[in-house]
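To start, the structure under review is shown below, and the notes come after it.
The values are calculated or read from the model by the stated rules, or taken from the named source; none is laboratory data. Predicted model only: the values in this text are computed from it and were never measured. Neighbour counts run over all protein chains shown; Cβ positions are idealised from the backbone, glycine included.
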Amino acid sequence: MGRGLWRKSVPAQVSREGLSSCPGSMALWRAYQRALTAHPWKVQVLTAGSLMGLGDVISQQLVERRGLWEHQTSRTLTMFSLGCGFVGPVVGGWYRVLDRLIPGTTKVDALKKMLLDQGGFAPCFLGCFLPLVGAVNGLSAQDNWAKLQRDYPDALITNYYLWPAVQLANFYLVPLHYREGPAPHPWSPSHLSSLPLLRGQFLGCCSLD
């Protein structure tokens, strides 16, 4: 038990030191916290959209290597809109439901949450997200259905290569009030701080024509 507590406290100590050495970061974080307290829904939705859009920019520039001239601005705006209107509210709501179903915070509880998340939520989420992207892009119902049949299996398989391990760490290490919002806790382990960007990159790649 002592080792487990030590492992969870080390990233917090490191991150606290990093933030304390950068007053600007602390000031921004406090301002964000104040805005989150005053307008939680608006801030979470806008943050989700911003990070989804940024994740798509990273996907296009660093993964697909399109370059600035070939960058699909419309796709980035679509990801921003979907982050604000769909991904942020749906994922945040699901995390709240999941914590009510499995309220514990032990490793076993985190494993249960991951299995329920990846076994039940992930297939449904992708099954809704992909047609929604198609509809936003102007596909007809017939073309959208054909695209879903073509892309859904690969998207789900790719999801299972990445997200079970990520979500297991997420459910074990990140408190709900930071997990349900798209902004990472500043004292979370550094690899979990990139989760919203990673989700944006993953969904951006899934939405490719």
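Worth a mention:
- For the range 154-172, the count of residues that are hydroxyl-bearing (Ser, Thr, Tyr), closer than 28 Å to Lys42 by Cα and in a helix (DSSP H, G or I) is nonzero.
- Annotation: Ser193 fulfils all but one of (1) modelled with pLDDT of 90 or more; (2) under 16 Å from Thr47 (Cβ atoms); (3) of a type in the set (S, T, N, Q); the unmet one is (1).
- In the range 127-149, residue farthest from Gly53 (Cα to Cα) [restricted to those that are hydrophobic (A, V, I, L, M, F, W, C) and touching a Leu at 6+ places or on another chain (Cβ under 6 Å)]: Leu148
- Qualifying residue in the range 73-93 (condition: more than 26 Å from Leu46 (Cα to Cα), β-branched (Val, Ile, Thr) and surrounded by fewer than 17 Cβ atoms within 10 Å (Cβ to Cβ)): no
- Of the helices (runs of 4 or more DSSP H) lying entirely inside the range 50-120, those containing at least 3 residues that are within 20 Å of Leu156 (Cα to Cα) and modelled with pLDDT of 90 or more are 107-116.
- Of all residues in the range 119-151, those satisfying the criterion of being over 17 Å from Ser81 (Cβ atoms), under 19 Å from the mean Cα position of the chain (by Cα) and surrounded by fewer than 17 Cβ atoms within 10 Å (Cβ to Cβ) are Gly119, Gly120, Pro123, Cys124, Gly127.
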